[in-house]
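The values are calculated or read from the model by the stated rules, or taken from the named source; none is laboratory data. Nothing here was measured: the structure is a model prediction, and the numbers come from that model. When we count neighbours, we look across all protein chains shown, and the Cβ atoms used for this are built from the backbone with ideal geometry, even at glycine. We work out accessible area using only protein heavy atoms, side chains counted, and drop any ligands, DNA or RNA first. Shrake-Rupley method; radii C 1.70, N 1.55, O 1.52, S 1.80 Å.
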Amino acid sequence: MKKKEIVELLSLKEPEAVRSLYERAYATKLKTVGNKVYFRGIIEYSNICTKNCYYCGIRRENQKNSRYEMSSKEVIEAGLWAFENRYGSVVIQSGERNDKQFVDKIKGIIKELKTLTSGKLGITLSLGEQSREVFEEWYVAGAHRYLLRIETTNPELYSKCHPSDHSMLKRLDCLRILKEIGYQTGTGVMIGLPGQTLSHLADDILFFRDFDIDMIGMGPYVIHQETPFSRYKDKVDHEENLQLSLKMIAITRLIMPDINIASTTALQAINPQGREMGLKAGANIIMPVITDIKYRKSYQLYNNKPCLDENSDMCKSCLEGRIATIGEEIGYSEWGDSPHFTGRKNDKV
Ligand code: 5AD
Ligand code: SF4
């Protein structure tokens, strides 16, 4: 697909035309990855972050947030809960830190979770930019997927959204290293950032394709009131961001038919049915939060985060119901690697 065509699809407004785009993407999904949804339980390890992204609620300079870090025991308990409930894998996510104490603690947690589940629980990390050595250490310890969003592939927009010591090139380098090490590598962008155009978003999709990415997690930009970007609160149209995000999912599915695409929680922050809408537009992964409720309120990257008071058991039965209503199945006890990654790995052997 050419960039011009992507921009045209992103600008569709007429409801019938938009519906037909989603139907096309959904049919492609059924043919390639099927109608199974895979769960990745998210453990929100810590809201301590050394970075200061202008849009994010847990940025370093937000002093209204009380900071926490889970103990190893708590992370392991959450991981075992996921395993016992037949979630194929967990994602350990956190604000970015590079200190040795953090690196070692994460390594210990990965090893223990692997040992306690006889290697069966899949472990994905979403812990920001790290050195090659750290990525390697965690890989050797047993993590096999890594999520690192590029946020936007447009250098000017990137620098409007981040302080000057945050570097898009460094992030690209990290993505390259992750792939070289052998991680299933995921990335994504925020959709509807102030100043973002349809042309930027089309370039983002082409980047996913050209970088040959295995997994995508992208979602609408949502205001957080304690951030510098809250100054755009009257300009951001959340409903529009939701619709645009669904189109991004659908077009990405058409262009990269066999990858894993997440229907992200931010969709649900805008519309209670947001994640089901994402699945119907071509996504096939859901990432239920499995963090203990005592921490959930402190891990708010954006306003309106859903499920703050529901514990993991409640989230599980709620999701089962929601997925059944749209006629999909849950891929319990499976890692749910994308056929794309499996193909890429076999090419190498
Ligand atoms: N709205 C939507 N997504 C956000 N993220 C951070 N802040 C926001 C926000 N205000 C996303 C970023 C980051 C991921 C963990 O959360 O894309 O990579
Ligand atoms: Fe930290 Fe990530 Fe938020 Fe940036 S987006 S402030 S790196 S948690």
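Brief remarks follow.
- Among the residues making up segment 168-188, a single one is under 18 Å from Val140 (Cα atoms) and among the small types (Gly, Ala, Ser): Gly182.
- Checklist (1) within 27 Å of Lys316 (Cα to Cα); (2) among the charged types (D, E, K, R); (3) within 16 Å of ligand 2 (Cβ to nearest atom) applied to Lys111, failing item: (3)
- Residues satisfying the stated conditions in segment 141-168, i.e. within 17 Å of Ile213 (Cβ to Cβ) and of a type in the set (Gly, Ala, Ser): none
- Enumerated helices (runs of 4 or more DSSP H) restricted to segment 216-292, each holding at least 2 residues that are open to solvent by 10 Å² or more (accessible area, probe 1.4 Å) and more than 15 Å from ligand 1 (Cβ to nearest atom): 238-255, 274-280
- Total residues in segment 78-96, condition touching a residue at least 24 places away in the same chain (Cβ under 8 Å) and open to solvent by 20 Å² or more (accessible area, probe 1.4 Å): 6
- For segment 35-76, filtered to residues that are among the aliphatic types (A, V, I, L, M) and more than 11 Å from ligand 2 (Cβ to nearest atom), the residue that is farthest from Ala324 (Cα to Cα) is Met70.
- Qualifying residues in segment 162-188 (those that are free of Cβ contacts under 8 Å to residues at least 24 places away in the same chain and within 15 Å of ligand 2 (Cβ to nearest atom)) - the one nearest to Ile216 (Cα to Cα): Met168
- Pair list, Cβ < 9 Å and 6+ apart or interchain, from segment 298-319 residues that are within 16 Å of ligand 2 (Cβ to nearest atom) to residues that are open to solvent by 50 Å² or more (accessible area, probe 1.4 Å): Ser298/Ser66; Ser298/Arg67; Asn303/Gln225; Lys305/Lys297
- Some residue of segment 273-280 being hydrophobic (A, V, I, L, M, F, W, C) and within 29 Å of Arg67 (Cα to Cα): no
- Considering the conditions (1) polar (S, T, N, Q); (2) farther than 19 Å from Leu21 by Cβ; (3) surrounded by 15 or more Cβ atoms within 10 Å (Cβ to Cβ), Ser317 is excluded by exactly one of them, (3).
- Within segment 133-161, the set of residues being away from ligand 2 (no atom under 16 Å from the Cβ) and of a type in the set (Lys, Arg) comprises Arg145 only.
- When segment 222-252 is filtered for residues that are within 16 Å of ligand 2 (Cβ to nearest atom) and of a type in the set (A, V, I, L, M, F, W, C), the ones remaining, listed by number, are Val222, Ile223, Phe229.
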